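What follows is one structure encoded as structure tokens, with my remarks underneath.
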Amino acid sequence: MEFEYSDRCKALQAKLLAFMDQHIYPNEKQFYQEVDRNGREQGNRWIPTQLIEQLKPLAREQGLWNLFLPKSTRAPEGLSNLDYAPLCEIMGRVPWAPEVFNCAAPDTGNMETLERYASEAHKQQWLEPLLRGEIRSAFAMTEPAVASSDATNIETRIERDGDDYVINGRKWWISGAGDPRCKIYITMGKTDFDAPRHQQQSMILVPAGTPGLTVIRPLPVFGYDDAPHGHCELVFENVRVPAANILLGEGRGFEIAQGRLGPGRIHHCMRAIGVAERALELMCQRLHSRVAFGKRISEQGVWRERIAEARIQIDTARLLTLKAAYMMDTVGNKGAQAEIAMIKVLAPNVAQQVLDWAIQAHGAAGVSDEFPLAYQWAGNRTLRLADGPDEVHRNAIAKLELAKHLPLKEDLSLPITRS
């Protein structure tokens, strides 16, 4: 197994680290101040920040743009999963940084979906402006009335009516729906409730502003509203779109979701490792700068144990993530399904533990907004639910392991859950 990064990847790493030092870290608080100022002065926290719009052209000029999308003629700058991993990790150290490089979720997964499954007309209409960073997008799957960790439960109806489809249902935790630049919703629903279990679902493109599509409310995470991006509840009430907007055809939604969520999951894990690395860095700096009971806190045994354990856990998660990326590049997403499921459990849990230790090391300051730890703790905690709860992934891992030793009749495909 070869984990050596390419020369291009190493050059991009150096560029990206320099960009973060010059443009991202110094402006970290300014981003949130601008969001708050928009709320106070214009009554709208959801206005996109000028800061990010000013930084995007700089990132693009330096070739730090659309690095996530492999093997696309529309994005020749795209890297393999293995080469993208260390870059995604660096971006993940600041929650809003990926957007500067046009590498933010859910747009990355949506762009990959459009690249793989959309018609040429829809690629021109939606994929190309997404690749240029001119618009944003959302993926509408999770529903409040059912356990959406099993996507076969979803109840949104997509019904054919002449040359159109009519959509009725309610979705929530739809990331990016609060952003006024969100112009397209990739929506999952059922076209045939009587078909075999995994052939009932379809995916369809719903343009923002279509009559009957209403954003009901933003949904805060531990008190954070994530403006201007946001996670929202939506209602589809007799939403009518052209029949041509369906992706691949009726009954192909589960198949599309399988293809979409592998890369989405590994990107989340790459960013989570970046969060954990930064938390460890801040923890070490804080412990070394403070004295208690006559010596630096960094000299106390309990904290040295935690520092050592953090390093062990982070490197373990990184190596397993790199293995998953390598396998996705070499044997495909299906061949890497066990590794993808394992990192989806491991990486967010590692990041959460290291963040918890870092908050403890900072004392009361750790739960304030003086440091990024509290916000990152809140955001990272969602990853144990987003793209599949830990329990679902552990079940999938166990089934794959049992299948090595016992004959199983169960479906061994990865669970399909929200992104």
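The values are calculated or read from the model by the stated rules, or taken from the named source; none is laboratory data. For clarity, every value in this text was computed on a predicted model and none was experimentally measured. All Cβ positions, even for glycine, are placed from backbone atoms using ideal geometry, and neighbour counts span all protein chains on display.
Residues in the range 239-251 include at least one that is within 24 Å of Thr113 (Cα to Cα), more than 23 Å from the chain's Cα centre (by Cα) and of a type in the set (S, T, N, Q). Close Cβ contacts (under 8 Å, 6 or more residues apart or on different chains) running from residues in the range 322-343 that are more than 17 Å from Pro70 (Cα to Cα) to residues that are crowded, with 22+ Cβ neighbours inside 10 Å and of a type in the set (Val, Ile, Thr) comprise Ile340/Ile266; Ile343/Ile266; Ile343/Thr321. Scanning the range 178-196 for residues that are farther than 21 Å from Pro211 by Cβ and among the small types (Gly, Ala, Ser) yields one hit, Ala195.
Restricting attention to the range 348-369, which residues are farther than 17 Å from Arg306 by Cα and at pLDDT 95 or above? Hits for the range 348-369 are Pro348, Ala364, Ala365, Val367, Ser368. With respect to the stated conditions, Ala151 is modelled with pLDDT under 95, touching a helix residue (DSSP H, G or I) at 6+ places or on another chain (Cβ under 7 Å) and crowded, with 23+ Cβ neighbours inside 10 Å.
Restricting attention to the range 227-249, the residues that are crowded, with 21+ Cβ neighbours inside 10 Å, farther than 18 Å from Leu213 by Cβ and either out of contact with any helix residue (DSSP H, G or I) (no Cβ under 8 Å at 6 or more places or on another chain) or not small (Gly, Ala, Ser) (or both) total 2.
Among the criteria (1) buried (at least 17 other Cβ atoms within 10 Å of the Cβ); (2) within 21 Å of Gln285 (Cβ to Cβ), the one Asp387 does not fulfil is (2). If the condition is being of a type in the set (Lys, Arg), closer than 23 Å to Tyr25 by Cα and out of contact with any Cys (no Cβ under 8 Å at 6 or more places or on another chain), then the range 251-289 contributes Arg278, Arg286. Scanning the range 35-45 for residues that are over 23 Å from the mean Cα position of the chain (by Cα) and in a helix (DSSP H, G or I) returns Asp36, Arg37, Asn38, Gly39, Arg40, Glu41, Gln42.
Each residue in the range 390-410 was checked for being outside any helix (DSSP H, G or I) and either touching a helix residue (DSSP H, G or I) at 6+ places or on another chain (Cβ under 8 Å) or at pLDDT 95 or above (or both), and 2 pass. So how many residues does the range 366-385 have that are in contact (Cβ under 8 Å) with a residue 24 or more places away in the chain and outside any loop (DSSP other than H, G, I, E, B)? Number of matching residues: 11.
Listed here are the residues, each with its yes/no results for (1) under 18 Å from the mean Cα position of the chain (by Cα); (2) in a loop (DSSP other than H, G, I, E, B); (3) surrounded by 15 or more Cβ atoms within 10 Å (Cβ to Cβ).
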position	(1), (2), (3)
Thr113	yes, no, yes
Gln125	no, no, yes
Val146	no, yes, no
Ile158	no, no, yes
Asp179	yes, yes, yes
Ala195	no, yes, no
Ile204	no, no, yes
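Among the residues of the range 206-216 satisfying the criterion of being part of a strand (DSSP E or B) and either more than 23 Å from the chain's Cα centre (by Cα) or on the phi > 0 side of the Ramachandran plot (or both), which is surrounded by the fewest Cβ atoms within 10 Å (Cβ to Cβ)? Looking at residues that are part of a strand (DSSP E or B) and either more than 23 Å from the chain's Cα centre (by Cα) or on the phi > 0 side of the Ramachandran plot (or both), I get Thr214.
Of the residues making up the range 264-308, those that are without any contact (Cβ under 8 Å) to a residue 24 or more places away in the chain and either closer than 30 Å to Ser80 by Cα or part of a helix (DSSP H, G or I) (or both) number 12.
Across the range 50-106, the qualifying residues are those that are β-branched (Val, Ile, Thr) and in a loop (DSSP other than H, G, I, E, B), and the one among them that is farthest from Gln30 (Cα to Cα) is Thr73. In the range 1-19, the residue that is farthest from the chain's Cα centre (by Cα) out of those that are free of Cβ contacts under 8 Å to residues at least 24 places away in the same chain and farther than 15 Å from Val100 by Cα is Asp7. Taking every residue in the range 20-37 that is among the hydroxyl-bearing types (Ser, Thr, Tyr) and pairing it with any residue that is surrounded by fewer than 13 Cβ atoms within 10 Å (Cβ to Cβ), at least 6 positions away or on another chain, the pairs with Cβ-Cβ distances below 9 Å are Tyr32/Asp369.
When residues in the range 250-285 are screened for being of a type in the set (S, T, N, Q) and either surrounded by 19 or more Cβ atoms within 10 Å (Cβ to Cβ) or assigned by TED's automatic domain parsing to the domain that holds Phe193 (or both), 0 of them pass. Which residues, counting only those in the range 370-389, are among the small types (Gly, Ala, Ser) and modelled with pLDDT of 95 or more? Once the filter is applied, which keeps residues that are among the small types (Gly, Ala, Ser) and modelled with pLDDT of 95 or more, the range 370-389 yields Ala374, Ala378, Gly379. Scanning the range 286-330 for residues that are surrounded by fewer than 13 Cβ atoms within 10 Å (Cβ to Cβ) and within 21 Å of Gly388 (Cβ to Cβ) yields nothing.
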